[in-house]
Amino acid sequence: MADDTPFLDVAGLDPLSERVYLDLLTLGRSNAAHVSEKFDLGMPAASAMLEDLRDLGLASRLEGAERDYTPVDPGYSLRAIADRMGDQVLRIREALPKLVELFERVPPSGVDQTQTSVLADADAVAAWYTRLQHQARTEFLAFDRPPYVSASLDPVEGTALDRGVEWRAIYTIESFDDGTTWEEVADLAAQGEQARIAPELPTKLAIVDRRTALVSLTLEPGRISALVTSSQPLVDALHQLFEFHWARSLPLGDARARLESGSAPAEGAVKGAGRIRAATPEERTLLSLMAVGMKDDAVARQLNISPRTLRRRSQDLMNELEASTRFQAGLEAARRGWL
């Protein structure tokens, strides 16, 4: 071990004092004269160093003219020092929240303070989401996906829509398995919500009037946390993220429409010498759900029909589109302007 390399790294014990202590442990007994000669120190400095070891509880001073010192059993003395250090660390940890709070109260010098804070529990996230709905004046954008922290059908949205707020929401397949129902989306669509569906979304998100955003930091059930910010660069970046996924999502169509047999087909644009009918609302809904990969049982459950009926109508639709796979059906439907 190099002479200048600390071995114990105990507070109050510098490298030279540590060497004196190890020498005392090795000899079992020492005094200022020995320390002065061995470590090339003056007598006052050598005496002071041995007294420091005594103050730390690492050495005992014997009675007598020589003022000899003996080491205290390190199994007890060092353990006592370690316990004291542990208590100090604990007190520092306990003081940290208060110190951080005092620090955050002071705005950085010369920097405009914007509101950005972390919400660490589900109740706080739910309260902020409701608050943002109330604050919306022109636009509300949302990624709707689990895990949920509040009731899926929030009456505040209807109030905002009545105020003329443009409301756009992207749902995932999981949305309809955990929390949201097809009937709720239908009711919101009837009130003016524009809804689309995507196979998945990277986070939960709400953006109000392009001024404030709420974005989830975790997606694990039971560990709800989020960031709320009015930092304009961050809000702008999250808005671009929303528009990116909006452009790649499929419209849900008229969610209230049911796949009822015998619905009259509407006619559409001319193709060659014949005419291609337009898709009915229920067909657009079915194609959207098929295209994002929702399983038949889930689609049937949301549309309140049996899986057998769903498979029959899906096959009829694919036959009309002359498609052998759902992917081909989606391409042909898009070409016809059905999606």
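Worth a mention:
- Whether the range 162-252 is rounded, prolate or oblate, judged on the alpha carbon gyration tensor where a/c under 1.5 counts as rounded: oblate
- Packing-based ranking of 238-249, 187-198 yields 187-198, 238-249, ordered from highest to lowest mean Cβ neighbour count within 10 Å.
- In this calculation the C-beta distance from A120 to R91 is compared with R0 = 25 Å, giving a FRET efficiency of 0.60.
- Residues whose amide H comes within less than 5 Å of that of E166, counting only those at least five positions distant or on another chain, are E139, F140 (H built at 1.01 Å from N in the peptide plane).
- FRET efficiency, D55 to K98 (Cβ-Cβ, R0 30 Å, nearest 0.05): 0.45
- Couplings 3J(HN,Hα) for the range 15-31, derived from phi with the Karplus relation 6.51 cos²θ - 1.76 cosθ + 1.60 (θ = phi - 60°), are x, 5, 4, 5, 5, 5, 5, 5, 5, 5, 4, 5, 7, x, 6, 7, 8 Hz, where x marks Gly and Pro.
- Per-residue 3J(HN,Hα) values for the range 139-148, derived from phi via the Karplus relation 6.51 cos²θ - 1.76 cosθ + 1.60 with θ = phi - 60°, read 8, 9, 10, 8, 9, 9, 7, x, x, 9 Hz in sequence order (x marks Gly and Pro).
- Highest to lowest packing among 85-93, 24-32, scored as the average C-beta count within 10 Å: 24-32, 85-93
Laboratory data are not the source of any read-out in this text; all were calculated from the coordinates shown. Only a predicted model underlies this, so the values are computations on that prediction, with no experimental measurement involved. When we count neighbours, we look across all protein chains shown, and the Cβ atoms used for this are built from the backbone with ideal geometry, even at glycine.
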